[in-house]
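The values are calculated or read from the model by the stated rules, or taken from the named source; none is laboratory data. Nothing here was measured: the structure is a model prediction, and the numbers come from that model. Reconstructed Cβ throughout: ideal geometry from the backbone, glycine too, with neighbour counts over all protein chains shown.
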Amino acid sequence: MKTRAALFHGAGRPLEVREIELDEPRHHEVLVRIAAVGICGTDLHVVKGEWDRPKPMVLGHEGAGTVEAIGAAVDSLQPGDKVVLSWAPSCGACADCRRGRPAACIELQRAIAAGTRPDGPTGMSLDGEPVYRGTATGALSELLTVDAGVALPVGDDAPLKHAALLGCAALTGVGAVLFQARPDPGATVLVVGAGGVGLFCVQGARIAGAGAIVCVDPLEARLEQAARIGATSTATPEGLPQTLREVAPDGAVDAVGTPQTTELALRWTRNGGRTVLVGLPAAGERLDLDPAEFVRREKELTGSMYGSEDPRRSLPVLLEHVRSGALELEPLVGPTFALDEVNEAIDASLAGLPGRVIVTP
């Protein structure tokens, strides 16, 4: 079948919307008509040339849509079902999948680097040549085939334009706080970065019952948005020492992922506290760590990939918070662009505009 998709050809080059060939869904797959895709920092790393990926590639993995067709072996979904896409299918066999961490699956990580589906071919082509999938998904397309296990039912709990954020930013940010940082009720949490994931970290801290939530970001518009959804204090990096003069964060979450933001998060975590790395760095970046932070000050430094939980278990938790009103999606939806405006969407995301930039294929 044919579908229109946005093709990435290389850093510094605009994405090109083309009609490509998409294979029919295999026995374990479903065909999804994509309604909305969020532009994630992962996509931007590729666009900026900070991660090397095969080309041409359809970027995008934070998506939501409606099932149009199902493979012969699929009994968990039906045409018409509204779904959120998870980019982390479980092979079910490796050690990480067995411990409930499919995002760390070695077969998935290999597929992401190769631009394929976890079980091999891309299922996309142009003029007889493969078209590769960003983050093993390739959601910047009008139609997409995915394994039925990663098309997670969302029902009518949220419009698909809002629900797309659940597929990556919300699962990553809220999950990092609830399932990895695990702040005690009343604790003070520092969130570094008020982009898409950082704003969900703020909400995760609020849902967890944090007594104070400090959000730091260089952009005032983002800080204003963080304050609206739960941050009790906000600061630019330059103003953070003054903001934290009276309180030492019990824990910190780095939602950016540069060595500088990780250093900031670790520095301001109190003795005995935990710092969680969530944002992904550019290829080749390294941390310069002071052992005294861990020996004399007994701090913890750990990471969180995709919310440190199996999306099949964590998404229902997030949907409960959506239904209760504790987890807000609509305020985090930023500028929206059509598929033919995908380059404007990329530019808006690179510019750091508040909210998640959305493409509606």
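Here is how the numbers come out for the structure above:
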{"read-out": "Which listed residue, of Val202, Val253, Val247, Val216, is among the hydrophobic types (A, V, I, L, M, F, W, C) and modelled with pLDDT under 95", "value": "Val247"}
{"read-out": "Test: residue in region 1-17 that is modelled with pLDDT of 95 or more, touching a Cys at 6+ places or on another chain (Cβ under 9 Å) and part of a loop (DSSP other than H, G, I, E, B)", "value": "no"}
{"read-out": "Residue match in region 53-70 (condition: more than 17 Å from Tyr132 (Cα to Cα) and in a loop (DSSP other than H, G, I, E, B))", "value": "no"}
{"read-out": "Residue match in region 125-137 (condition: part of a loop (DSSP other than H, G, I, E, B), in contact (Cβ under 8 Å) with a residue 12 or more places away in the chain and surrounded by fewer than 24 Cβ atoms within 10 Å (Cβ to Cβ))", "value": "no"}
{"read-out": "Check on Thr360, hydroxyl-bearing (Ser, Thr, Tyr), touching a Lys or Arg at 6+ places or on another chain (Cβ under 9 Å) and within 21 Å of Asp184 (Cα to Cα)", "value": "no"}
{"read-out": "Residue in region 251-294 that is surrounded by the fewest Cβ atoms within 10 Å (Cβ to Cβ), counting only those that are of a type in the set (Val, Ile, Thr) and assigned to a loop (DSSP other than H, G, I, E, B)", "value": "Thr258"}
{"read-out": "In region 225-248, the residues that are under 19 Å from Gly195 (Cβ atoms), assigned to a loop (DSSP other than H, G, I, E, B) and in contact (Cβ under 8 Å) with a residue 24 or more places away in the chain", "value": "Ile229, Gly230, Ala231, Pro237"}
{"read-out": "In region 187-203, the residues that are among the small types (Gly, Ala, Ser) and more than 19 Å from Gly38 (Cα to Cα)", "value": "Ala187"}
{"read-out": "Scan of region 1-35 for residues that are buried (at least 21 other Cβ atoms within 10 Å of the Cβ) and in contact with a His (Cβ under 8 Å, 6 or more places away or on another chain), ordered by number", "value": "Leu15"}
{"read-out": "From Gly193, Gly155, residue being in contact with a helix residue (DSSP H, G or I) (Cβ under 7 Å, 6 or more places away or on another chain) and either over 29 Å from Ala114 (Cα atoms) or surrounded by fewer than 21 Cβ atoms within 10 Å (Cβ to Cβ) (or both)", "value": "Gly193"}
{"read-out": "Residue check for Arg356: within 17 Å of the chain's Cα centre (by Cα), of a type outside the set (Ser, Thr, Tyr) and not assigned by TED's automatic domain parsing to the domain that holds Leu178", "value": "yes"}
{"read-out": "Test for Arg297: is it out of contact with any helix residue (DSSP H, G or I) (no Cβ under 8 Å at 6 or more places or on another chain), in contact (Cβ under 8 Å) with a residue 24 or more places away in the chain and not in a helix (DSSP H, G or I)", "value": "yes"}
{"read-out": "Among residues of region 304-343, those that are touching a strand residue (DSSP E or B) at 6+ places or on another chain (Cβ under 7 Å) and surrounded by 15 or more Cβ atoms within 10 Å (Cβ to Cβ), counted", "value": "12"}
